[in-house]
1. Based on the alpha carbons, how large is the Rg to Rh ratio for region 1-149 when Rh follows Kirkwood?
2. Under 11 Å from the 7 Å Cα→Cβ point of Ser446, by amide nitrogen: which residues of region 403-439?
3. Of Gln451, Val377, Val437, which is farthest towards the positive pole of region 368-484's charge dipole, taken about the Cα centre with +1 and -1 on the beta-carbons of Lys, Arg and Asp, Glu respectively?
4. If you stretched the chain out fully between Val271 and Ser383, how much longer would it get, using 0.36 nm times the residue separation minus the C-alpha to C-alpha distance?
5. Residues in region 444-468 near a label at Lys502, defined as backbone nitrogen under 12 Å from the 7 Å Cα→Cβ point?
6. Using only Cα atoms, what Kirkwood radius does region 402-459 have, in angstroms?
7. Once the Cβ-Cβ distance between Ser129 and Arg322 is put in as r, and R0 is 22 Å, what FRET efficiency do you end up with, to the nearest 0.05?
8. At R0 = 35 Å, how high is the FRET efficiency between Ile226 and Leu108 if r is their beta carbon distance? Nearest 0.05 is fine.
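Quick note: the coordinates plus some simple rules give every number you see, no bench work behind them. This is a predicted model, so every value here is computed, not measured. Ideal geometry is used to build each Cβ from the backbone, glycine not excepted, and the neighbour counts take in all protein chains shown.
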Amino acid sequence: MDLQSILEKGESVEIEFKSEKRGPLSDNDIVEAAVCLANRNGGFLLIGVEDDGTVTGACPYPREEKGINPEKLRAMIFSRTSPGLWTKVWVEEIEGKQIIIIEVPKALVTATSYGKYLTRILGGDGRPSCVPLYPHELISILSEETKLDVTARTIELNVSVINEEAIDHVWKLCKGRNPDLEFVSRDELLRILGAVTPDGKLTLAGLLFLGKKEAIHQFIPHHEVILSVFKASDLVSQKRFISPLSILIFELIDEISRYNRGIGEVIKNGVRYEVPLFGMEVIREILANALVHRDYMSLGAISIEIHMDGRLRVNNPGGFVRGVTVHNLLSTPPRPRNPLLAEMFRITGIVERTGRGIDKVYLGQAVYGKPLPLWNVTESSVSVTIIGSEWERQLTEILINEELAPEEVLIVYHSYFKQGISVKDLAGALQRSSEEVEFFIQRLQSSGFLQREGDRVFLSKTRINVQELIISILKEKGPLSRSEISKFSGENPSKVYRILKKLLEMGIVRRQGKGKNTFYTLQNSR
């Protein structure tokens, strides 16, 4: 480890500084700090360092001795944690002052010997802190780390708590989308879904998916969805939903659809296509994602916000499953928090059978040139915002009703908004390797969507309205010189000159400066 680099970067979720400037830390202080780190990702505990990274020196250990004995400190931590933590302890010196460094391994779950469960998080102020681990959080951690499906466990209720309306509803879904289930009996259907085990015991997933409201409330009292409608900052309406999941998702779709509307249209090859505020697949998949992947051991309701300015926000209890981040969301294999519940949604055809429903959310936005989903993820919640009111006519005309792979749609999308985007930047945006992105770029070149200039990718000139492209470039990057506009658009300077002249005459663009210092920008009204 680079000690100087750690001191300069400061504290983080994996790094904690402890001061002994005012006196030695107690054994409990040291043990609790180690437990905190272990129950997160592991990390380093530095004793003898202030919060700002200033080295003030560590006190002797054991306290009655004159020096620092790393082995005795390591043994103390092991003996006072359960299960015992095997740490590494050593001493380094900076400017004549000693620092005790304790390397703490990541643990499944550990506690102090006196029963304290703690973990390290980033607080609301962005600073790391040590907080208690509550029972429902312990269950969530164990279920993720050991691949234990909480929703697959059996509960002390019999099938009499099954909602017959939900069963009929699921049967109709299965008949329409899974013909193999058309002639099975009621009991067989429950077993195929996983609602009951082979020996007839009801699972938690079965209760959530098909149970009566009062029975669900008895076992999972925090199972509810609050849907609020806002006009600016004013709350217009609010509804509470507590139905079983097989019915609930359709209730939510119907409610959101009341506020959905067409916001434009395009005509392609003689066919008229309406541009919706929110695509139905986007609505269905974003809701299913919340219902299937929420942490049912965490308290709190799912919150849905419809904003009249064209935004849809879904807030979900429980952070991402470990190993999933915003930066690998499009590339990581499906990792449902509740596998049995996810399988019920797939068997009934409510969601994408491949488990890649999140791709449909991105594609549903990209095909209309809308902003991609905006994520806000914390330790205990996931929030996603869909902006439906902003769209790009030209990109919609390019992508609508085209048979393209998801990666190809996103490459065209990013190439539209960033003409001349590099392969490296495309790989980052798609969360794929550069080699894989190259494969899709070559396919798009062959089908006439893209053209290449070295490492840069441009939309094909046959696919794009150059006038609209120049307006888009000036909107994003202006003011620009004519040569810069030519570079970003991939068009020759003489053609750019003619288009700029036309845009000046139309009052869309204005010119600044003279000669070599001439720049172009959009009028304020654009």
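1. In region 1-149, Rg relative to Rh is 0.98.
2. Inside the label zone: 439.
3. Gln451
4. Result for the pair: 36.7 nm of gain on full extension.
5. Counting backbone N atoms under 12 Å from the label point, the list is 465-468.
6. It is 10.9 Å.
7. That pair, Ser129 with Arg322, gives E of 0.65.
8. Efficiency computed from Cβ-Cβ geometry: 0.55.
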